[in-house]
Structure formats: C-alpha cells, structure tokens
Amino acid sequence: MKSMRNAAELMELLQLPDEKPLPSTVSTIRCPVLGRIHFVRDPKGIMQLMCVLFYWVYGTFSSLFIILIPRYAEGYISGIFLTVFMSISLLCLTSLIRVSTLNPGRIPTSSIYENEHWTYCRVCNRKRPQRAHHCRRCGQCVMKMDHHCPWINNCVGEQNHYAFFLLLLYAFLLSAVVFLLCMLHFWVYPKCKQCDKDAFYVKHSIWFLYLLTLMAANMTLVMGIQLIGQHFNLLIDRTTLENIQQPPDPTRIQLRGTFAAYEEMCGRKRSMMFLWFIPCKRRTLFSGGFSSQTV
C-alpha cells in the first residue's frame, strides 16, 4: 500500500495524464537466420515502402536489361563496372530491408537501465532516457529518435540510424550511376546491334529510359540533399526532430570531429571500420546510460 501511495504521489508530482498508453503498432518476429525482425503495422507505411521497392526494381532491371547487358556484350562496358553496379544495387536493397526491419531503439522494459536522468513520457507514461521521443505512428518511445520515415515504414533512431545513412548513400550512388548510364546511352553509345528487337522492353526502350532518367535524376538530387543534411546533423550532434522543435542558433553551433561523429553512429570498434559500409552488421549500444548490448 505504501509503495502504491508513493507511486501515485510521484505521478501527481510529475503531472502525468491519466489516459491509458496508446497501443503499439509494432510487431517483433524472431527468425532463425535474420534474428529479430521489427515491423510496423501501418497500411500507409507499407504502401510507401512497396513504392520504394518498386523504385529499386525498376531502376535496377531497366538499367540491367536495356543498357548494361547489351553494352557489355558489345564491349562498351567492362565486367568490373557491371559487378560494381550490381554490388551497389544489392547493398542499396539490403540497406532498405535492414533499416525497415531493425528496432530503431525501443526503450527496454527492464528497470536496470534506468538512472536519475530519465524522464517520463507524457504520452505512454513510461520512463525514457534523455533525447528520446515518442512516435505516435509506431506507438512507442525511441531512443535518440531522428524522425519517422514513412518511406521505410519505420522510425529512424539510435539503433538503425547507421542503416538509414547507408540507404541514403547507396541510393545516391545507384541513382547517380543510372543517370550516367542513361546519358551515355542517349549521347555516346551507338545503336544496339545485339539487342533482341522483338523483346517488349527493347521495342519500348525509349519510354522506359525516359522514365528511368527522370527517376534517377530525382533520386540523385533528393538523396544528395538528405545525405548533406544527415552529415551536418551528425557534426553538430542534433537530430532532425530537435532541429524542428528548437532550431539551432548559428552563432552557437559547435562542430565535432567527423571521425568521432561517424564512430558514434556506426560503432566504436576501430579495428572493424570496414564494417561501417555493410548494412548487415550488428551495432553496439552505448548511449542512454545503458551497458553495451547488441540488437
């Protein structure tokens, strides 16, 4: 009874609302090989994620069958370039799958991680570390939440920020290469002699490539702007939500070291820096007063 009274007094002192916590829309599935898969049950988010997946399928296979394979057969493109293109494309797809299924930084239920710097969330009535935010679309608090991205149907937080950054990087590289291939196809390469003239995608290749050029140019521009914004946020150690809620004062901005910023986002094992570019790696959690743990 005494503990219940103390809890009631604490809630009253903090002026927390009496409303019940909002239900979470997140499901977690344990797979033998992939581990825990984090999935948000949001129909709109799922549709937007499917649109992004279609973007990748169209860009990769249109470039592959209309430009790369015919030009490789004619000797205009080397096998090394073809391998690099497919590697970037697969890394982009892996980053998309990884960032959309990773736990972004859900607050652990165990109280052993709590300390005196934790505060109460006024939406879900749970304790959380500093710089955590509540996502109303997912129905949960996320550590160091950057934003909720509907295009990946997931939040971008402390635990999947590196995967989101890799997605931006590989999507930018893939789009830039595709745009370059389209320009070479239109202005440099001669007409294809070994193409199957009866194939549907060859007959209508001009329209496929017009659309591909527009998509590649748009994605290159958007991903480039996103990369610059995320890089700057890393250097000033702020999230997108923090910049929206309280824009930083330009006269008080302090830039930290680039290596230290990326080391914090990607992992602190300097001997494994080459893994920073692999979206399948596991990241060690350090912030929020937690002991090291992997997700």
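Quick notes on this one:
- Taking 7 Å steps out from each Cα toward its Cβ at Met86 and Phe200 produces label points 2.4 nm apart.
- Under 5 Å from the amide H of His147 lie the amide H atoms of Val156, each residue being 5 or more positions distant or on a separate chain, with H modelled from the backbone and absent for Pro and chain starts.
- Cβ-Cβ FRET estimate between Ile69 and His231, R0 fixed at 22 Å, reported to 0.05: 0.05
- Gain on full stretching of the segment that runs from Lys191 to Leu211 - 0.36 nm per residue minus C-alpha separation: 5.3 nm
- Integer Hz, Karplus 6.51/-1.76/1.60 couplings in order for region 154-167, x for Gly and Pro: 6, 7, 10, x, 4, 8, 10, 5, 5, 5, 5, 5, 5, 4
- Nonpolar atom fraction for region 124-163, defined as the carbon and sulfur part of the 1.4 Å probe accessible area, stands at 48 percent.
- In the context of the full set of protein chains, residues of region 143-238 present 49 Å² of accessible surface per residue (probe radius 1.4 Å, heavy atoms only).
The values are calculated or read from the model by the stated rules, or taken from the named source; none is laboratory data. Keep in mind the model is a prediction, meaning the values are calculated, not measured. Cβ: placed from backbone, ideal geometry, glycine included. Neighbour counts: every protein chain shown. The accessibility values were calculated without ligands, DNA or RNA, using every heavy atom of the protein model including side chains. Shrake-Rupley method; radii C 1.70, N 1.55, O 1.52, S 1.80 Å.
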